[in-house]
Every structure is written in C-alpha cells, then in structure tokens.
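Colleague: Below is the structure I would like to discuss, written out as structure tokens.
The values are calculated or read from the model by the stated rules, or taken from the named source; none is laboratory data. Source: prediction; values computed, not measured. In this analysis, Cβ positions are derived from the backbone assuming ideal geometry, glycine residues included, and neighbour counts consider all displayed protein chains. Calculation scope for accessible area: heavy atoms of the full protein, side chains included, ligands and nucleic acids excluded. Shrake-Rupley method; radii C 1.70, N 1.55, O 1.52, S 1.80 Å.
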Amino acid sequence: MSLPDNTAARDEILDRVRRGVARQDFEVRRAAAEAALTAPTRGPQPHMATDTAALRARFADKAAALASSVESVVRLAEAPAAVARYLESHGLSKQAVATAEVGALDWTLAGISVAVRAAVDADTVGISGCFCAVAETGTLLLCSGAETPATVSLLPETHIALVPVARLVATMEDAFALVRAELGDMPRALNFISGPSRTGDIEQTIVLGAHGPCRVHLILIGETS
Amino acid sequence: MHFHARAAERVRNPVLQKALQKAKPLFVGKRAKGVASLADDGLDFELLRSTAESIRNRVLADLDVWLDIFETRARVSGAEVLWARDGDEVARLVVDIAQRYGVTKAAKSKSMLSEEAQLNEALAAAGIRPVETDLGEYIVQLAGEAPSHIIAPAVHKTIGEIEALFAEAHGRPEQPRTSADIPAMTQEARAVLRQHFLSAEMGISGANFLIAETGSAALVTNEGNGRMVTTLPRVHVVVTGIEKIVPTLEDFSTLMRLLPRSATGQTISNYVSLLTGTRREGDQDGPEKTVFILVDNGRANLLGSAWQDMLRCIRCGACMNHCPVYFSLGGHAYGWVYPGPMGSVLTPLYTGIENALDLPHASTGCNQCGVVCPVRIPLPKLMHGLRETQVERGLRPWRERFALRAWAWVARRPALYRWLTRGAVRYLRWLVDGSGRIRVFGMAPGWTDGRDLAAGSGKTFHELYAARKRA
Ligand code: SF4
C-alpha cells in the first residue's frame, strides 16, 4: 500500500538543514561520510580481562546483579534437565514455547513439552538460545528471524536462555562486530536483553515484570576451567 | 496561565511537593552511583562525555549528509521514510497512515515528540484510540494530563492518586494503598495493557537514536513496552526528530555507556532494540509495515545558530533531575512538553522566544545541569543567551526596562549612588530583629517566607573599603 506523497515536506526540511549546515560540496562530504561508515572507530573501551573464564565470571556476576538467575552446565544436552529442575523448583508449568535453534534438544526426556513457534499470550514459559552475550553488562543479544521469533523472549512470564560460553563477548562493540561478520545485514530486530522487565513509574519503586518477562533464567553452557 | 502563576500554584501544592521531595534524592543518588561505576572498568566519565559530545557534533555539522544516508539505507532495508515540518504534519501523517491500514487502536511507547505533535488528540479526533503503554505515560493518560518528566512521566503522582485512577479506569472499588501494593498495581496495569498490545493494529514509538550505518531505529526501554509495540502490531510508525542520528553502531555503543547511567543510574537499560526494516521472509512476528516520520518542528532552524549545541541532547533527563527549580515546581509548571533546564532552552526556541519569556530565567545559575549533561550542553550559557536575546528584541516587561534604565542613570552619578546605597544598607540594618537576622523583609516580605536574610554590617562597600584602607 502506498503512503501519502511527502516530497514537499522533505525538500523544505532538507533545504532548511542545508542552510543551517552552511557547507558546500554535498557529494564530497557524503562520500567521506560513507567512507567513514566502512571503517567505524570505537570510543573509550572498558578495561576488562577477556579470557573465557573472566568473561564467564563477569557475565554471571553482572547478569545476577540485574536480577537474572544464572546456572551452569557442561554440555548442551544437559540443558533440558536443568530447565526442568528450574521450572519445578519455581512451581512453573512444563509447557513451553521455544525457538527452533533450541527446539531440537530432547525436551521430552526431561518431561517438558515444547512447541517450536512464535509465542502467544497464553504461553507462560519461553526458551531461547542467544546470538551472543555481552560480559560487560551481563546482557543477552537475540536476533529476530524465521527460526528465532522475537516474541519467545517477550510474551511469556518466564524467559529461559541457553548461553554457550563460546558466545560470550566483552562489549557491545564486540557483539556488533560479530553481527557484521556472521550476519552481514541487520536482522529486523536486534534485542539486547538485561534481566527481567522492570518499571519504577509508581513512586520510583522498582518492580520486576512490567510488560516483558518477570523472570529471566540463564543457563551457561560449557566447560568450567 | 503564565509561568509565574503556574509556579506559585505548584509551590503551594503539598501533594506535589511530597512526590517531588521523595524523588529527588533517588534520581541524584542513582546517577551518581551509575557514573561512579565507570571507574571500576577504568573508564573516564569526562573522556566518555567528550567522545559523546564530538559524535553528536559530527552529526550536526553534516546533518544534511547524514539524513540523506539514513533515508537511503532505511529504505533499502524495507522501511518507508516520511518527513514532517511541524507537529500538525506529524499528526496528519500518522492519522493518514492509520486510516489507510484500517487502524482502530494504536499502542504507543513513550515518545516526547508525539507530545509536541499532540498526536493523541489528533488520533482520538479521527476515531482511533491511542493507548499509552509506558506505565508512567498510562497513568498520566488516565489522569488526562501531560507527562511532567521526560523519563519519569508520572513522577508528580502519589500512590493514592494512582490508585484512584486505576480504580476508576479498571472498574473496581478504590482501596487504601501503601508502597507494599506497588507490585500488585503494576500487575494490574500489565494485564490491562497486555490486551491492548495484542489487539492494536498500529504501534507508535519514538527512537532514542537513528543509526545511519544501518538505517535502524534504536529503542531503549525498561518495561518492554517498546518491544511490544514494535513487534506485535501490523504497522509500526517511528516518530522522531531529525537530529537523532548517530553514524555507526560503535558510536551508539559509546552513547549507551552514558544514556542509562545519566537517566536512571543503570549500567544498561533492560531492553535495547535496534529495529531495521520490516518483517522478513519466513518471519513469524514483526510488523509488515514500518514507517519513519522524521520531524523538524523547529530543529533545523537551530543549526548554525547560537543554539546549535542544544541539538546534541539525548533526552536523558539528568539536567532536570539535578535542578533545584525543577524540584520546587515539577514539570507541569514549565507549560510545554519539555521541563527542567533543557525545557527552559527548548520551549522558547521551538514555540517562540516571546511565548516563554520566564523560562530562561527559571534558573538559579547553579550549573548543576551543565555539570551532569552527558553531551556537555552548556545549559546555563544557553539560558543566558536567551535572556540577552529577550533584551535585544525589547521583549522584557516595561517595569524591568524602566528599573534598569533608572539604575544606569543613578550608577553614573557617584554622589547620588553613594547616598542611596547608604540609605539602603542602613534600612537593612534597621530591619534586623532580636535574632540578629532579618526575618521579615519589609518591602518584599515574600523573600523571607521560607528563609531569613543574613544581617549586614549597616555599612556600604565604599565605607568598608575606606575604613580598611585607613587601618
Ligand atoms: S540537556 Fe543534557 S542532561 Fe538534559 S536531557 Fe539533554 S542530554 Fe540529558
């Protein structure tokens, strides 16, 4: 469906902007800007150890500080049992919706019934993997896609994410570098997630579970060194 | 109503004063902790500020180029890009899009620009129901009010007031509430708003930044409502200012080390989303249509002017959180969309200097705002500049102009000046009562309503100077 013709507004605004900028050589400057985009430079970077053990410790630490719970298993195949234990200990349902990347694990054996699809309002548990995770802030990065619908980490009250230790990076910049290297184009949505949703809008009192999940549980997967 | 009248009313409102007194130390303390945490990673706040300042300056210096690049890349990724000269045009475009797509309800994530455009009113007039979904925005929408803070829209509301609004809107009896009930009240709003997310055909959001490199909108929220309105409805409209561009994802990363810390003291907000284009082939969720509306509404005129620095603003709210004037009056006293120091600069610039004469004077000159601003906007300097412009354009009230002229006349006559000042200091000395202080300032008792005036020596500067020289 087409949208209203809007070129008059566009021309007028850009004209005003050009007068304000008051510089000549639009094409030269544009080429220079395009060139700058191909060689992005980073701002001041945090000083932090980046070996796997340090990244893992920092990620777990920061994620816990943001009210996620964190546990570790050695092999991916152990994840379903860990999820089952978590759900049981919190008295949560063993019906879950999951993204395709984790859907292939043996959930039935762990007693969890998993539907691989986008989430709907009635889903109470969502299980996903992650594209990578950022140790600096204890943050997950999820990319939307056919196999990884964004709703799985959004609609259910409980979000459980499997985080391979090999996918830990130090900073947000490192995460973007990985997106460029592995995906090329941006997915529709890159979602950085740092713990359960929260609000402080009633008398500045922080409450978990505003619109997104009330609980975020992270399962780190990989050898502990 | 004028600023003076609004301010006087606010100062005398005990409920508002209670809400504000509660919030201020929280805001200040959280930011201080957040900024201090940078040092744990060997990051220097001042260096980050300089970097952020230069990122924003770089964009403004070539804004024509960056807008062109953003527009091109956003279109390549599948989004549409429209432009709006002013608030009315924003409203017209959004209503037009809504009608083309048969929208009956629009779920909104927080957008201050939609307040500039009075978008909710325009949608409602066209028979489209706008639902604010940020909890604070939802509360002020139920109250029929405007936000009083750019990141904490309902900071002026007490729990009792919110309970009354919820009881009425959700059709249940009002109950006595304490802070222990805040989780339950949040749950209640969550359940109501969830239904709106699922049924709205259109989602409307702002953008904290526009990334030129990827043609994306960056959205930073804690509640997750930003994710909801950009994921569930069929159509997503991004309403944002033309100045919001940052060149690269790296530049965005730098700003993200400053924005949440400056706003709420968080090292990162719960949800940081970069949204590019529309639903892809095979995707099971996401909007089918994404439209950017890039809004001028006075911004372009600031480019190349004495006020260009103001366009660096990343809307963190730190300036108002540290402003003694803001916390005495609350945001509504400022009369337009943006309160606090940034509002005292933006409101006259966007709505006309002659329409907001008092705002650049609503400052104690303490420069707390200038010290905390993450992109180093010299807010007090800009307010002074606006005061000068008022004088140059002859916009000050005649009494003030007359008084200044009279003072200038006297100041050029030393004998008269000395005689008058001597009279004045003697008068002040005479006002000192048994407490050794001035408790009621005779000619203008309002000044001593809330505080005493220190007693002077009863001598003029000239007299003291002469005495000291003799000694
Ligand atoms: S002026 Fe500075 S401190 Fe105030 S909201 Fe803008 S960026 Fe934040």
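Colleague: With +1 on each Lys and Arg Cβ and -1 on each Asp and Glu Cβ, and nothing else charged, work out how big the dipole of region B:4-138 is about its Cα centre, in Debye to the nearest 20.
Modeller: 800 debye
Colleague: Let me ask something else about it. Averaged per residue, what accessible surface does region B:178-243 expose to a 1.4 Å probe, in Å²?
Modeller: 21 Å²
Colleague: Could I ask something else about it? With a 1.4 Å probe on protein heavy atoms only, work out how much accessible surface A and B bury together, total over both chains, in Å² to the nearest 100.
Modeller: Approximately 8300 Å², summed over both chains.
Colleague: Carbon and sulfur together cover what percent of the accessible area of region B:54-194 at a 1.4 Å probe radius?
Modeller: Answer for region B:54-194: carbon and sulfur cover 50 percent of the accessible area.
Colleague: Report for region A:48-165 the percent antiparallel among DSSP-assigned beta bridges with both residues inside it, nearest 5.
Modeller: 25 percent
Colleague: With each run of n ≥ 4 DSSP H residues scored as -39500 (n - 2.57), what mean residue ellipticity at 222 nm is computed for chain A after dividing by its residue count and rounding to the nearest 500 deg cm²/dmol?
Modeller: Computed ellipticity for chain A at 222 nm equals -9500 deg cm²/dmol.
Colleague: Is there a simple number for the mean count of other chain Cβ atoms within 10 Å of the Cβ of residues in A:178-189, and what is it?
Modeller: For this peptide, the per-residue mean of nearby foreign Cβ atoms is 5.
Colleague: Still on this structure, I have one more. Name the cysteines of the protein assembly as shown that stand alone by the Cβ rule: no other cysteine Cβ under 4.7 angstrom.
Modeller: Flagged as lacking a Cys partner: A:Cys130, A:Cys132, A:Cys143, A:Cys214, B:Cys313, B:Cys316, B:Cys323, B:Cys366, B:Cys373.
Colleague: I've got another one for you. Please find, in a Gaussian network model of chain A (springs between Cα atoms separated by less than 10 Å), the residue of A:Asp121, A:Asp11, A:Asp174 whose mean-square fluctuation is greatest.
Modeller: Result for chain A, Cα springs under 10 Å: A:Asp11 fluctuates most.
Colleague: Restricting to region B:3-295, compute how many DSSP beta bridges are antiparallel as a %, nearest 5.
Modeller: 25 percent
Colleague: As a check on your grasp of the helix formula, calculate [θ] at 222 nm for chain B: sum -39500 (n - 2.57) over DSSP H runs of n ≥ 4, divide by the residue count, round to the nearest 500.
Modeller: Here the helix-only value at 222 nm equals -15000 deg cm²/dmol.
Colleague: Let me ask something else. For region B:230-274 and region B:436-466, write down the distance between their C-alpha centroids in whole Å.
Modeller: Measuring centre to centre over Cα atoms gives 51 Å.
Colleague: Something else about it: Let me know the charge dipole size of region A:52-221 about its Cα centre in debye, to the nearest 20, where only the beta-carbon of Lys, Arg (+1) and Asp, Glu (-1) is charged.
Modeller: 220 debye
Colleague: Would you be so kind as to identify which of B:Met256, A:Cys130, A:Ala146 lies farthest towards the positive end of the dipole of the protein assembly as shown, taking Lys and Arg as +1 and Asp and Glu as -1 on Cβ and the Cα centre as origin?
Modeller: Farthest towards the positive pole: B:Met256.
Colleague: Which of the three applies to region A:52-221, rounded, prolate or oblate, going by the alpha-carbon gyration tensor with a ≥ b ≥ c and a/c under 1.5 meaning rounded?
Modeller: The shape class here is rounded.
Colleague: What residue among A:Ala104, A:Ala118, A:Ala39 has the largest mean-square fluctuation in a Gaussian network model of chain A, using Cα springs under 10 Å?
Modeller: Greatest mean-square fluctuation among the candidates belongs to A:Ala39.
Colleague: A further question on this structure: Relative to the first principal axis of the alpha-carbon coordinates of chain A, what is the inclination of helix A:52-65, with its axis defined by its Cα atoms, in degrees from 0 to 90 and to the nearest 10?
Modeller: Rounded to the nearest ten degrees, it is 90.
Colleague: Within region A:7-100, what whole-number % of the accessible surface is contributed by carbon and sulfur, with the 1.4 Å probe and all protein chains included in the calculation?
Modeller: Heavy-atom surface of region A:7-100 belonging to carbon and sulfur, 1.4 Å probe: 53 percent.
Colleague: Mind pulling the angle between the C-alpha long axis of helix A:172-183 and the longest principal axis of chain A? Nearest 10 degrees, somewhere in 0 to 90.
Modeller: It works out to around 90 degrees.
Colleague: Reported to two decimal places, what Rg/Rh ratio describes region B:3-295 when computed on Cα atoms with Rh from the Kirkwood expression?
Modeller: 0.97
Colleague: R0 = 41 Å: FRET efficiency of B:Ala125 with B:Phe441, Cβ-based, nearest 0.05?
Modeller: The formula returns an efficiency of 0.20 here.
Colleague: Further, regarding this structure: If you split all Cα-Cα distances of region B:317-471 into 5 Å bins from zero, what percentages do you get per bin, shortest first?
Modeller: For region B:317-471, the pair-distance distribution reads 2, 8, 12, 13, 13, 14, 14, 12, 8, 3, 1, 0.
Colleague: Looking at region B:3-295, how many pairs of lysines come closer than 17 Å at the Cα, when each pair is eight or more places apart or spans two chains?
Modeller: The number of close lysine pairs in region B:3-295 is 8.
Colleague: Still on this structure: Can you tell me what share of the DSSP beta bridges in the protein assembly as shown is antiparallel? A percent to the nearest 5 is fine.
Modeller: 35 percent
Colleague: Quick check: the angle from helix B:63-76's long axis to the longest principal axis of chain B, C-alpha only, nearest 10 degrees?
Modeller: 20 degrees
Colleague: Here is a further query. Before I look further, what does region A:52-221 give for accessible area per residue, probe 1.4 Å, in whole square angstrom?
Modeller: 33 Å²
Colleague: Classify region A:146-225 as rounded, prolate or oblate, taking a ≥ b ≥ c as the square roots of the eigenvalues of its Cα gyration tensor: rounded when a/c is under 1.5, otherwise prolate if a/b is larger than b/c and oblate if not.
Modeller: prolate
Colleague: Here's something else I'd like to know. Out of B:Pro173, B:Trp398, B:Pro287, whose Cα points farthest toward the positive end of the dipole of chain B (charges: +1 Lys, Arg; -1 Asp, Glu; placed on Cβ)?
Modeller: Positive-most Cα among the choices belongs to B:Trp398.
Colleague: A further question follows. Would you mind pulling out the separation of the Cα centroids of region B:313-335 and region B:15-44, in Å?
Modeller: So the two Cα centres are separated by 14 Å.
Colleague: Can you compute the charge dipole magnitude of chain B about its Cα centre, using +1 on each Lys and Arg Cβ and -1 on each Asp and Glu Cβ, nothing else charged? Give it in debye, rounded to the nearest 20.
Modeller: My answer is approximately 2780 debye.
Colleague: Which Cα, out of B:Trp430, B:Trp447, B:Tyr465, lies furthest along the positive dipole direction of region B:410-470 (beta carbon charges, K/R +1, D/E -1)?
Modeller: About the Cα centre, the residue reaching furthest to the positive side is B:Tyr465.
Colleague: Where the centroid of each part is defined by its Cα atoms, how far is region B:346-362 from region A:35-79 in Å?
Modeller: After rounding, the separation between the Cα centres reads 46 Å.
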